[in-house]
Each structure stands twice: as C-alpha cells, then as structure tokens.
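Before any comments, here is the structure.
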Amino acid sequence: MKIFHKLLPMATGYFGVSSALYDFDGLVVIYGPAGGAWHINIEDEPRWYRGPATVVGAGLLEMDVILGNEDKFINNIAKVATERNRRFVALAGTPISEIIGTDLKGFARTLEARTELPVFMVPTAGSEPYPEGASKAFLALARKFMGDPVPKRPHSLNVLGAIHLSTGKQGHIEPLLATLRLAGYSLCSVFSASLPGQTDPILAVREAPSAACNLVVSTSGLALAEYLYATYQTPYVVGMPVGRRGVADVLALLAQRPVRAAEQSEPSAPFRHGLVIGEPVLSYGVKHCLCQDFGLPEVDVVSVTPSEALFRDVPGCLGRLAVRGPRDVETDAEQDIADRMNDPAVDVIVADPCYQALLTRDVRFIPLPHIAMSARFHWDMPYEYAAGKGYAYFSGALSGTANP
C-alpha cells in the first residue's frame, strides 16, 4: 500500500485516456459511478473550461451496478454523442467495470451500430499509471482511424506523447514544434495537441502513417511509436530536447547523423549535484541540459512513472536522449523521494512545486510542474523546458538572475 502524507497521488489510467484523446473531437466516457468524471474535469483537465464537454461519466448509481441497467447507459451516451456532434466515442474502464466484469467491447459494438459513429473501448482498470492509459488510448485511436501504408513525405514528423499530464499547457511544447519547423521538418500530427490551421484532428491521425519519422516526447508515446514502426515502418527517436545541446542532439538523431560525444563543459553555475524528479523522458531531457549546457558534474533522475520501456532495445528506435546513471531510480514512494531530496550532496532540485513539502533543508529548487501530480494548482505558473526557451529558463534559475 502506498501512503502519502504530503504528496498528492499520481493520476491513473483513465486520466491518461482523457488527456490523450481530449483534442481529437471525440467523446470520452468514463465508466464509473455518478461524478466519476467530475474530478478529471475539475482538477486534472484545466482545458475543460474552454468549450463543450469532451469527458463525461457514465453516472452509474448503486442499483445500476447491482442489477445492471445497460440500456440507460447506452441511450444516454448515444444521445450526448449525437447532440454534441462528436467524431467518435471512447469508453474507458475504471475499477467498477473491472470488479463487475462490464463488457465494454460489447457496449462499443452496440453504440457504433446505434450512432453510426466510430466507437472503441480503452482497456483501463483505473489502477495503472496514467502513461499506460494514454498509451492504450493512442493505440486504440490509431487502430480505429489509420489505414493502409502510404508513401512517406520527406522531412516530415509526428510528435508522440505530448499529453498535458506530462508536458503541461500546449504553449510549453510550442518552442519544440517551432524548432522542428525551423530545422526544415513538416509536422503531420501531434499526439495530442492541435496544430495551427488544423481544422480536422482526425485527418491528422489518418495522415500520421505518411510521416518519415516520429519523435517521442514522453513515455505515453512509446507504444504508438512501436506500433507505427511495426505497421508502417516509421522509425522513431525518443527524447525531449531541453536546452541548446538537447536540440542539437535530437536533430542529429532525427537526421541519422552521429551525435557529438558527451563532454564535460566548464560549470556555468555554482552547483555540483542535481536531482530531477518527474516524467522519465522530460526528466532525462532536463538532465542532459544540466550536464551538457551548464556543466553540472552529476545529475540524478527520479522517474515517478514507469521508465523501463524507455531503455528497451527495440527495432525502429534510432536513438534516445536518455542515459541512465548509477543513482537514477524509478519510484513514486513519498519517503524514498524525500530521502533523495534531503541528501546533503544534492544542491539543486528540479521538480513539481508539490515536492517542496518534502524538504527539510535549504536547497536551490527549480519548479517544473508535473500536471499528473499537481493538477491545476501550477497550470499557470511561468516556466519553460523545451528548446531555447528551456535553456533561458534554466539559465536564469541556476544563475539566480530569475526567481522561479
């Protein structure tokens, strides 16, 4: 059992489904009790306020669960999906559907026949980490809408795994997209964010197989990258380019050029030992930046979601911007993280502001919100990480010229 005294529990599987599918004009149905989607929309989905509801709950009452009332559920979802002109319906499982053995695949077939809309289920149980739920959602979306192999468009990319629970507001990923365009790449699709001028997000999903390469920016995009390679022979690179050296190395990997050997640069900040806590791909991107751009001799990573898939040796991966160090760990246990943060050797920490509650000493703390941890609490906090803006943010925070 995980016990949290000062931290918030991390978002789980169906939160990841909501985050992954939010921008694709569908209707995500959380099969749970009345109010089941409320905590997603109010706390973990700050975009909910900008338009019509994309995530709704099944609204199950106790007697619905005990006696079964499938017609009511199917009728309500069919009505909402058609009235709101949704492009598809996705059914996400919860602990309730797992316990009572709900046939969500059967519901999907019935709803598809009744509404004539594409309907699919995402096999979440509510207990898995949110990247697993997002991964399953991306795979279900791809299998529903992607067609036969098509010719590749030269110098084109998909960006995979850009879900708000990992990467925050879309504005924080924009410097990366701008950098890719400046390097001569056209963007076929971003999973999951809307592109400027994009009026049909489902068309972007259908066109994704035409990309020449994929860039995976969080672990939520790894399963989709592997699927696209297996189905359409699209290779991929894994890494969030944080700072100047991160950009140079990711662009080299995408172009299948040799990456410049890591070098120990002269420290430009008075710190010797950093600690980065958060989503694995972004955290290793920050580690790369702190070591290569600012010369920190040692930086450790605490991955608070599963990271093993990031280091698997699999076909199609052209390279990754992640090097696992001897002190890097994977844990979301509060006491373990507190012990690492209060290690006297660590003199600078990069993490969501919620983790400051675990500190028992003075240390330089650089905020990097992780929405899956802190929800809307730090949604509007000024921070950056991607490309050149990330370099400027960390430069100011390390030198003390900015006050994060």
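The values are calculated or read from the model by the stated rules, or taken from the named source; none is laboratory data. Model, not experiment: these values are computed from the prediction. As a convention, Cβ positions derive from the backbone with ideal geometry for all residues, glycine included, and neighbour counts pool all protein chains shown. Protein only, heavy atoms only, side chains kept; ligands, DNA and RNA dropped before computing areas. Shrake-Rupley method; radii C 1.70, N 1.55, O 1.52, S 1.80 Å.
Rundown of residues vs (1) free of Cβ contacts under 8 Å to residues at least 60 places away in the same chain; (2) outside any helix (DSSP H, G or I); (3) touching a Phe, Trp or Tyr at 6+ places or on another chain (Cβ under 8 Å), yes/no style:
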{"residue": "Glu112", "(1), (2), (3)": "yes, no, no"}
{"residue": "Leu117", "(1), (2), (3)": "yes, yes, yes"}
{"residue": "Gly126", "(1), (2), (3)": "no, yes, yes"}
{"residue": "Ala134", "(1), (2), (3)": "no, no, no"}
{"residue": "Ala137", "(1), (2), (3)": "no, no, no"}
{"residue": "Ala142", "(1), (2), (3)": "no, no, yes"}
Quiz item: Filtering the range 363-379 down to residues that are open to solvent by 30 Å² or more (accessible area, probe 1.4 Å) and not hydrophobic (A, V, I, L, M, F, W, C), which residue is nearest to Tyr14 (Cα to Cα)?
Solution: Arg376
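So which of Ala53, Ala20 ends up being within 24 Å of Ala204 (Cβ to Cβ), at pLDDT below 90 and either among the aliphatic types (A, V, I, L, M) or not in a helix (DSSP H, G or I) (or both)?
Numbers: Ala20 fails: at pLDDT below 90.
From the options Ala53, Ala20, the qualifying one is Ala53.
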Practice problem: Looking only at the range 141-155, decide whether some residue is closer than 17 Å to Ile30 by Cα and crowded, with 21+ Cβ neighbours inside 10 Å. | Solution: yes
Practice problem: Considering only residues that are crowded, with 17+ Cβ neighbours inside 10 Å and among the acidic types (Asp, Glu), look in the range 299-334 and name the one that is farthest from Ala345 (Cα to Cα). | Solution: Asp332
Quiz item: Given Ile99, Ile77, which one is aliphatic (A, V, I, L, M) and modelled with pLDDT of 85 or more?
Solution: Ile77
Exercise. Give the number of residues within the range 111-164 that are modelled with pLDDT of 95 or more and touching an Asp or Glu at 6+ places or on another chain (Cβ under 8 Å).
Key: 3
Quiz prompt | Candidate set from the range 213-248 (those that are among the charged types (D, E, K, R) and surrounded by fewer than 22 Cβ atoms within 10 Å (Cβ to Cβ)); member that is farthest from Arg181 (Cα to Cα) | solution = Glu226
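Identify, from the list Leu195, Leu253, Leu176, the residue that is open to solvent by less than 40 Å² (accessible area, probe 1.4 Å), of a type outside the set (S, T, N, Q) and without any contact (Cβ under 8 Å) to a residue 60 or more places away in the chain.
On the way: Leu253 fails: without any contact (Cβ under 8 Å) to a residue 60 or more places away in the chain; Leu176 fails: without any contact (Cβ under 8 Å) to a residue 60 or more places away in the chain.
Residue meeting the stated conditions: Leu195.
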